[in-house]
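The values are calculated or read from the model by the stated rules, or taken from the named source; none is laboratory data. Note that the coordinates shown come from a computational prediction; the quantities given were computed from them, not determined experimentally. Backbone-built Cβ (ideal geometry, glycine too); neighbour counts: all protein chains shown.
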Amino acid sequence: MRARPTNLEKIDPTTAWQPWRPSAADPWDHKWAAHLYRRAAFGYTREELIEAERLGPEGTLELFLTGRPQAGEILETLTDIGRVAAARDEAGDQLRGWWLYCMLQGGHPLREKLTLFWHNHFATSLVKVQSPDLMFRQNCLLREHALGRFGPMLQAISRDGAMLVWLDSSSNVKGRPNENYARELMELFSLGVGNYTEKDVREAARAFTGWRTDGRVFIFEASRHDNGPKVVLGKAGNWDGVDVVRIVLEQPAAAKFLIRKLYQHFVNETAVAPDALLEPLVQQFRKSDYDIAAVVRTMLGSRHFYSAHAFRQRIKGPVEFVLGAVRAIYQKYPEDDPRYRSLPQQLLVTWLNGLGQSLFAPPNVKGWPGGKAWLNTATLLERANFAEAVAMGTIWMNRSAEPAATAPAVPFDVKRLFGKLAAASPPTDAPEERAPAPAFDPAAIVCQDKPSRPEDLVDALFELHMPGGVRPESRAKLVNFIGDGSPVGPARDRRVREVVHAILSMAEYQLC
């Protein structure tokens, strides 16, 4: 890992956002491919790391920005499924399971990652909205604009049915303006505290009078709209809500506010970036008319992103933690198996609720705070329990419907776990029949009922789950554990599972 300057003030903003180019000293490898996948997606499969190594950083980033070739067709099908799920849902769990399936199988993980980001930015909860259909429609709106331009998204969210219910827009009428949406528009959605006045909020609220929903679509009631002159952020006129959104985005503070949030999400949440470091991105964002995809491309392709300033500088949210672990181990999901009472993603919904991230239900208008707030005594224990369930192959047991002793389990096949992840020379004292092996095949070692090197097994597991270096003392303990008594067959398989459990519970694994 490269040495990190003592603070971000010492970084040259001009060079920080230039494209990163691999070198002999700092090559494009599984470490950086996994880093990109953790930030731009929800973890990775073994095959995706191998594909990324072949495509290189630019090709992999391009794949994230465009999605898989079939992603558009898949989205049409998923949207139809989501519409049905929302229509027959009550508590929201079917809708949550549907969105997890979109994340896992939609073919465009960056779009889903940004849909989740914007869901937290425009934090709206089913708990108050009480309409899975409206929440589904908002989710589709965020997905549609996730990689587009921020202006059209902000205009659309201002008319969104779930948002209108969430922030009480139906009670915002001429003569009795409700300030909820106008306040959050400025404070949380575009400008940030300190970049507007209370008078701006009051005047903007008047501009949004008459905006409401009938429980399905946007309605403008002219009789309830205040047609009088208003002064918003220094601009005078007979403004309506569309005008207010336009005026807000004309403020220099808007691009700064949004870029800082994107930086914390994609690059580094552990340090406060100086304005000077973010200024090139701010200028790009404003000049491009708030083009989200373009600025995300700059961030995720930059020298700053591929540095110690970004590597493992975020704590994984529950969705990132759960889906990342599942995707690394399970290639297929048992959806067609009649033994299962609910789809696998529905079981993941239960885990996520326990970990503190119930989709479509952020805790308040500020959304999930993220960072260290994800980790406390209760959620750390639940993460450890989840890691054990993944490693031991009991993850698909229905925790609420069946006792663990009788619930069927999709086997976690240790023999197929590894694949050819890394090349390694055979041991120098290897028997004659093992000497010709040109590359280390962990799967073959696990399949053999004879001793093999614990170091190779542990290294392969780290290469899959946490490439990029681990503390030597942690590696040494796991090597000693897996080799103690030279277990073979099922006993060794059990040790491998327990090592996976240990890795998924490590402090480093909680970092993104």
Contact list, first residue from the range 488-502 and touching a residue at least 60 places away in the same chain (Cβ under 8 Å) and on the phi > 0 side of the Ramachandran plot, second anywhere and of a type outside the set (Gly, Ala, Ser) and in a loop (DSSP other than H, G, I, E, B), beta-carbon distance below 6 Å, six or more apart or interchain, is none
Only one of (1) in a helix (DSSP H, G or I); (2) touching a Phe, Trp or Tyr at 6+ places or on another chain (Cβ under 6 Å) does not apply to Ala204, and that is (2)
Within the range 221-268, of all residues that are surrounded by fewer than 16 Cβ atoms within 10 Å (Cβ to Cβ) and among the small types (Gly, Ala, Ser), the one nearest to the chain's Cα centre (by Cα) is Gly234
Note on the range 346-382: residues assigned to a loop (DSSP other than H, G, I, E, B) and in contact with a strand residue (DSSP E or B) (Cβ under 8 Å, 6 or more places away or on another chain) are Gly370, Leu375
Only one of Arg39, Arg54 is out of contact with any strand residue (DSSP E or B) (no Cβ under 7 Å at 6 or more places or on another chain) and in contact (Cβ under 8 Å) with a residue 24 or more places away in the chain, namely Arg39
Among the residues of the range 98-128, the number that are more than 15 Å from the chain's Cα centre (by Cα) and surrounded by 22 or more Cβ atoms within 10 Å (Cβ to Cβ) is 4
Are any of the residues in the range 477-496 closer than 18 Å to Val326 by Cβ and at pLDDT below 95? yes
Reported set for the range 211-235 where residues are modelled with pLDDT under 95 and of a type in the set (A, V, I, L, M, F, W, C) is Val217
Going through the range 202-220 in order, the residues found to be surrounded by 20 or more Cβ atoms within 10 Å (Cβ to Cβ) and more than 16 Å from Trp166 (Cβ to Cβ) are Glu203, Ala204, Arg206, Ala207, Thr209, Gly210
Restricting attention to the range 354-375, the residues that are of a type outside the set (Ser, Thr, Tyr), in contact with a Leu (Cβ under 9 Å, 6 or more places away or on another chain) and surrounded by 15 or more Cβ atoms within 10 Å (Cβ to Cβ) number exactly 6
With the first residue restricted to the range 194-215 and required to be over 17 Å from Gly237 (Cβ atoms), and the second required to be at pLDDT below 95 and surrounded by fewer than 20 Cβ atoms within 10 Å (Cβ to Cβ), Cβ contacts under 6 Å at 6 or more apart or on different chains are Arg212/Ser170
When restricted to Ala87, Ala71, the only residue of a type in the set (A, V, I, L, M) and under 20 Å from the mean Cα position of the chain (by Cα) is Ala71
The residue from Gly107, Gly210 that alone is touching a strand residue (DSSP E or B) at 6+ places or on another chain (Cβ under 9 Å), at positive phi and not aliphatic (A, V, I, L, M) is Gly210
Of all helices (runs of 4 or more DSSP H) fully inside the range 84-192, the set with 1 or more residues that are modelled with pLDDT of 95 or more and touching a Cys at 6+ places or on another chain (Cβ under 9 Å) is 109-121, 132-145
